[in-house]
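The values are calculated or read from the model by the stated rules, or taken from the named source; none is laboratory data. The structure presented is a predicted model; accordingly, all values stated were derived computationally and were not measured. Here the Cβ positions follow ideal geometry from the backbone for every residue, glycine too, while neighbour counts run over all protein chains shown. Just the protein is used for accessible areas: all its heavy atoms, side chains included, with ligands, DNA and RNA removed. Shrake-Rupley method; radii C 1.70, N 1.55, O 1.52, S 1.80 Å.
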Amino acid sequence: GFKYDDMIRFLYAKAIEMSVAGYEDEDSPVDAMFQTAWLKKFAAALVPRGMELESSYIGALEHCLSKAILQKLAAEMSTDEELIEEESFLTSFKAYTFKAYTDMDEGRQAKGGTQDLMSGVVTIWENDVKKMFESNNTSKSIQDIVLGKYMDHAKTMTEILKKSYIEARKDHMKSKRTSSEGENEPKSTDALVTDFAVEAQAFANGLAKSALLAAITLAVSNHEITMSGSKIFGVLLALFNIPVAFNTMTNVARYQNRNEEFRAEYHREKLPELEKVLFKTLSPESRHRVTNPFVKKLETQFDEFVSSAEYYNADYESIKRIYDEMDKHNDAQVEDFMLQIQSHFIPVVYQKEVYLKDVLWQVHLACAEVVSVLRLQGTGREDSHRAGCDQPIISILENMPKFSSRLEKSLQTGPILWGFIRKGKMLPQCVLLAPFRYWTFKSYNLIMPKLDGVGWRPIPTAIRDIRTKVKKVNGYVVGNKLKKETRDLKELFHATMESALASTIYFIGCGSFTFAILLTAFNAFNATVKVEANVPQPVQITQDAVRIAAPIISIFASFYASEYLVKQLIHQRKVLKAIAALPSGINTSLSQVKSIAALQSCITFIRILAGFCTVISLLSNFIHNNLVGIEIPIKPEQAILAAFAAIGGWFIANFLEFYLEFFALWNLEPSAGYDICNAFKADLRKIYNEFSEAMNIKNHILGPKMGDRIIREYTAKEFLDKTRFDSVLMADRFSAIMQTILSEDFDISSSHKDGKV
């Protein structure tokens, strides 16, 4: 950022340079001198995001810049040897520079709308200067110098400022005023938060493979097995299991971190929005019964501004004094505070602090929402109020402070070590307690009745019940006003459960990794010992302990892998059902996707059977080695056969997967993503219209097109969550579907017949 005086000094020097270098002879001197990137840099400092169309701010900014330009001209003319004798004119011009441009500002607002910055000011200056010439009886030669030199420089400076503002306004209308181009890129597959997301599908197979290798290792290392080379084979299998288990650990840790980041984002940004939408849905006579979340948002935003001002060592006492004296429940006082922000504090007081301008504009937006909800007592309830709507909303809002506090305490926001290990976890979030925590969540979700309290039940159960109530309220309200919030709560529930499950699998992965190392060491040691009696007793005790613990952890690994694989099979069947609902005559791409989904279902089913054989082998070995008194019909040799049957099933599945990846998916049409979206366009259009009606985003801070992008993002999430194409297509192909929906080139509004999802 910079002060306006400093910017005008820079522009004045550039105006002289343009005059000397002959740029004024060009059709567009400013474009010839300045690249668009320069104009955007000026715009970033002058016009904060969201204020491009605010006429009162543009008027105040124009006033400040005009004064700075005229004062610069006065300073330059006072040192010009050709004008030094014109004391009368110079005195008049200096007085003119301190003149308030009240008439200009009132004229701008009287016309309505937003004019271009610095539009027509040079003409006003020239007319006023000519009047000075007449009153001071200025000579023709002096007039030529002032008009041909200084006023031309002023015109050049105003043209640069005007073009900078036009760039800002143009980028705003295209929603391109972002900190980086990365913000304009379509969302990745990580944006889909659901049960068994894309990343989970990657480590589910690794978890099952780790359990399978452990089963074979334990089977061949059984002391009752005397097959030649069995112990060496056990060493190799245990050794191979080490990287498999470690890979599962790292993948599941990253998956958990991703879900935790979403939960933190929800608490920070989406939970306050839920409170505001619910409050607006309340009838006016019931709003006094709960805390106004709009006022709370204003207080939070202003606290953030004060914190930022302290960080940048900027004075904030004057604005804080006005804020403290303001009655936040008085719409007139809040509106007056808004006006001071946009016409005084942003353009004048904090003209140099660009970052503070952005934060202060957020305070302005919070004020605007407070004014709106105070004045429009029927906001959100036009033709939408129905009997029985208020009490459920009040119940939700009364529980919000406790729920917000519990949700915040459950977040894992510590730094990440080595790219996957989250530090700073509290004791209840410890990995050692992960299985207990996950099954507590599962049990309460299954058996706990839906209650109002959120203080003592597990956090996912509370989230589930709040979502149920919000969804019920959404049924009361015409226009599906809470569809977005219902979707967000569903994602929060899945993120919480998936994070707990990922933590449990991380615990199992750590156990598999540890026992794989120990089994490798013990099998290598046993391969060198010919007489078992020569094995030291401490080593024998440790081996027995490992033989007890290793199958237990591997049984759990196989169980969780089977749970994931069953989920995957269910989702793959959803794809087949969705495609089957399409009308006859589907194109080649859809036929290929249908075949791929059928093959993926077959592969997953084979892996489920292999997992079942793995569990049989692990259980039988555990009983044979540790529960000697119990007789089972499965002998140790048969346990090995079960383990080899499991590995045979995995070999078949891997062979089919090789064919799938390098033939079926390789030959899939490049346009498959677009073809899928085109085939389901009617469904996409229906979902898009529902979210568009519910969200009604018109005045987004980043421009009107950003609202459409957000609606498309929710449309993509809802559609992909229903169809689950991620379960049959690779990440790149699946990402192509999402990016097609998010692309502005894909016209969702056009009609197209298809089936239902």
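Treating only the Cβ of Lys, Arg, Asp and Glu as charged (+1, +1, -1, -1), what charge dipole size does the chain show about its Cα centre? Round to the nearest 20 debye.
It comes to approximately 3820 debye.
How much area per residue is accessible in the chain when the probe is 1.4 Å and only protein heavy atoms are counted (Å²)? Let's see the in-between values first.
Numbers: 34860 Å² over 757 residues.
Heavy-atom accessible area per residue stands at 46 Å².
Can you give the extra length, in nm with one decimal, that the chain gains between Glu87 and Asn667 once fully stretched, where that is 0.36 nm per residue apart less the Cα-Cα distance? Mind dumping the intermediate values first?
Details: separation 580, 0.36 × 580 = 208.80 nm, distance 8.46 nm.
The Glu87-Asn667 span can extend by a further 200.3 nm.
Carbon and sulfur atoms: what percent of the 1.4 Å accessible area of the chain do they account for?
56
Return the distance in nm (one decimal) between the two label points of a simple spin-label model at Glu17 and Trp439, each offset 7 Å from Cα along Cα→Cβ.
The answer from the label model is 7.3 nm.
Which three extents, in whole angstrom, do the alpha-carbon atoms of the range 240-323 cover along their principal axes, largest first?
68, 43, 13
Roughly how tilted is helix 36-46, in degrees to the nearest 10 and between 0 and 90, from the longest Cα axis of the chain?
80
Where does each of Phe345, Phe240 land when they are ordered by accessible area, with a 1.4 Å probe and the largest first?
Sorted by accessible area, descending: Phe240, Phe345.
Helix 230-265 versus the longest principal axis of the chain: what angle, 0 to 90°, nearest 10, using Cα atoms?
30
Just to be sure I understand the model, the point goes 7 Å from the Cα along the line to the Cβ. What's the resulting Thr514 to Gln71 distance in nm?
According to this spin-label approximation, the distance is 7.0 nm.
How much length, in nm to one decimal, is gained on full extension between Lys94 and Trp456, taken as 0.36 nm per residue of separation minus their Cα-Cα distance?
Computed gain between Lys94 and Trp456 is 123.1 nm.
Based only on the alpha carbon positions, what is the Kirkwood hydrodynamic radius of the chain, in angstrom? Numbers along the way, then the final one.
Values: mean 1/r = 0.0319 Å⁻¹.
This gives a value of 31.3 Å.
On a 0 to 90 degree scale, rounded to 10, what angle separates helix 293-311 from the longest Cα axis of the chain?
So the helix axis and the longest Cα principal axis differ by about 80 degrees.
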